1. Quick one: is ILE46 surrounded by 12 or more Cβ atoms within 10 Å (Cβ to Cβ) and at pLDDT below 90?
2. So which pairs qualify, if the first residue must be in region 43-59 and closer than 13 Å to ASP31 by Cβ and free of Cβ contacts under 8 Å to residues at least 40 places away in the same chain, the second must be of a type in the set (A, V, I, L, M, F, W, C) and assigned to a strand (DSSP E or B), the Cβ gap must be under 7 Å, and the two must be at least 6 apart or on different chains?
3. Given PHE26, PHE11, which one is in contact with a strand residue (DSSP E or B) (Cβ under 8 Å, 6 or more places away or on another chain), at pLDDT 85 or above, part of a strand (DSSP E or B) and of a type outside the set (Ser, Thr, Tyr)?
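The values are calculated or read from the model by the stated rules, or taken from the named source; none is laboratory data. Computed from a predicted model, the values in this text were never measured in an experiment. Here the Cβ positions follow ideal geometry from the backbone for every residue, glycine too, while neighbour counts run over all protein chains shown.
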Amino acid sequence: MIYVDKDGNWFHKGAPLVHRGLIGFFYQLLDTDPQGCYIIRLQNQICWLEVEDTPFVPDYEAGKYVLPLNHKTYPISAIRDES
């Protein structure tokens with residue numbers, strides 16, 4: 001089981017996940033199941049996440065909100081679906 005705490009820290013079996021590339025990969029695979037639970041979906045395999053609050057924790061930087069993902073920060077407006 002993978003757990004994400006309220007500060008956006010990821011853990012596997014109680015051990016912190018610190019490899020930012022791996023966490024960034026998980027963000028790319030992040031989805032929700034029909035009940036709204038967070039999952040990581042890779043092909044036909046599913047891993048359910050236990051999420052304390054949200055897997056995405058925005059930060060405020062240089063006068064705007066950003067999401068730090070995979071050692072980069074992105075303005076929320078650049079990530080948001082504009083459709």
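1. no
2. Qualifying pairs under 7 Å: ILE46/ILE39.
3. Answer to the check: PHE11.
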